[in-house]
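Just so it is clear, none of the values below were taken in a lab; they were calculated from the coordinates. Bear in mind the structure is a predicted one, so any value in this text is a computation, not a measurement. A quick note on method: Cβ atoms are made from the backbone with ideal geometry, for glycine too, and the neighbour counts reach across all protein chains shown.
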Amino acid sequence: MRLSLRYILWFAVILVGVASLLVHLFGKFRLQACLQAQRSANLTARTIATFVEAESRRNRSRDLTQAFAGLVRQAGVAAIVVKNDRGRTIAFRADSKALARRKPHPGAPLQSAGDGIYDVQVPVSLGSLGRGTVLVSLRTQEFASELGASSDVAIEFGTAAVLSVVLLAWFLGEEYGLRLRLVTPHIEKIADDPLQFKPFRERGGADELSRLERAVNRMGTLLREDKLAIAKLETEKAELSAMLVHDLKTPLTVLRSGVDLLKEQWDANHVVPAGSERRGAGSHPRPRTFELMEQSSERLLRMVEDILQLAKLSELGDFPQLEKVDFAEMARGCAKDFGLVTRRRGQKLEVDIPEEPMPRISGDPTLLRRVLDNLLHNAVEHTPENGTIRIALSRENGNLRATISDSGPGIPEEARSDVFRKFYQKEVKRHVGNVGLGLALCQKVVEKHGGTIGVTGVVPRGACFYFLLPVS
């Protein structure tokens with residue numbers, strides 16, 4: 001809701017309260033006016049009653065009608081009626097003959113004078129005629145006109161006050177609402193992307209909105225500068241990491257080649273007889289050191305390649321060119337390559353890929369193969385001898401689902417949401433060994449292809465990594 005409308009609503013609520021108070025005060029004023037008019041009418045009636053008693057003591061009761069003529073004309077009295085205690089009219093004077101047939105209502109309140117005449121009856125002494133009453137009828141037109149004029153003034157004043165307050169509320173709402181509407185897009189821009197923020201023109205002043213404008217400009221400028229500094233640091237860090245990793249790759253390749261050369265020289269100088277696999281059997285088997293050196297160099301080289309791939313994916317917005325990938329054939333080839341490794345380690349590799357053609361997917365075949373290699377490599381590393389590794393493909397809601405499961409120690413449920421973080425080892429290292437960048441690279445590649453990746457447990461034990469890729 002716009003601020004101007006909100007101000008109007010707030011002031012309208014206030015006006016309702018003020019109007020209620022004015023109605024109460026006007027009602028009180030009207031009541032006081034009626035009481036004052038009644039007291040004035042009673043005073044007039046008592047004055048006339050005193051005059052009647054004075055004339056009666058002088059035995060001039062018959063001249064009262066003539067004497068009342070002046071009072072009716074000058075005092076604004078509608079009618080005067082004098083009656084004895086038997087109800088017989090002694091004197092009567094009215095400004096209209098119709099009043100002779102009117103039925104008076106003495107004692108009725110002034111507000112109930114429906115015919116515009118207020119009656120006041122006062123007992124009097126009529127001298128030799130005994131006791132009687134004087135009925136004085138007064139017209140309420142003058143009082144009503146005065147009261148109406150007061151009502152008109154009150155209404156005009158109230159209307160003017162309401163209009164003034166509404167206009168003031170609208171003006172304040174438009175003034176402050178306009179300034180807030182100018183500031184709001186800049187605040188939203190800070191929240192969305194601080195790099196797009198540009199300082200706006202401030203209005204001088206010491207009020208709250210002026211201070212808000214200055215604070216928003218300061219905050220946006222500082223956030224933009226911090227964002228630029230962070231982006232610069234990230235770029236420098238990525239470049240430094242890429243250079244270090246690239247420089248590490250060459251000596252690692254040399255080390256691996258050196259290990260291969262040492263193995264060949266050992267085999268050439270120490271011929272192992274057929275069927276001899278144990279030390280102390282009169283043979284010279286290849287030392288375990290060669291195997292450990294080879295595994296360590298392969299692990300380091302793999303980590304270096306993962307870092308390079310992650311750096312490239314972070315810099316890459318979208319794939320420059322996608323290919324139609326036969327993922328089922330890729331999975332079969334990957335299983336065939338790892339079959340030699342699993343047989344040597346005494347593990348069983350199961351492949352569950354349908355014989356019928358599977359839908360192709362659009363993607364980068366090198367990166368997709370790297371996902372399969374990393375997941376299968378982890379499964380081989382963490383599966384004990386005589387354990388089972390299984391790779392399967394299926395269709396699921398228009399996606400291609402791939403699962404790689406093993407019978408290793410598995411991953412604790414509380415750690416499964418974090419295993420794809422770079423260098424995450426908490427609560428995982430003791431279960432599955434060192435965790436490097438392989439899973440982080442898998443997640444990055446799958447998400448770049450518009451898919452999802454996750455991990456679950458296997459009964460009775462083991463881990464099951466799965467990922468879904470949209471088909472072409």
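Shape index of region 319-470: Rg/Rh, with Rg the Cα radius of gyration and Rh the Kirkwood radius from the inverse mean 1/r over Cα pairs, equals 0.95.
Between Leu322 and any residue 5 or more places off or on another chain, the built amide H atoms are never under 5 Å apart.
Close amide H contacts of Leu400 (hydrogens built in the peptide plane, cut-off under 5 Å, sequence separation of 5 or more or a different chain): Leu469, Val471. Backbone amide hydrogens, once placed in the peptide plane, bring Ala78 within less than 5 Å of Ser137, Leu138, Arg139, excluding anything fewer than 5 places away on its chain.
Each Lys or Arg adds one and each Asp or Glu subtracts one; over the other residues with Cβ under 10 Å from the Cβ of Arg390, this totals -2.
Computed from backbone phi with θ = phi - 60° and the Karplus coefficients 6.51, -1.76 and 1.60, the 3J(HN,Hα) list for region 42-48 is 5, 5, 4, 5, 5, 4, 5 Hz; x is used for glycine and proline.
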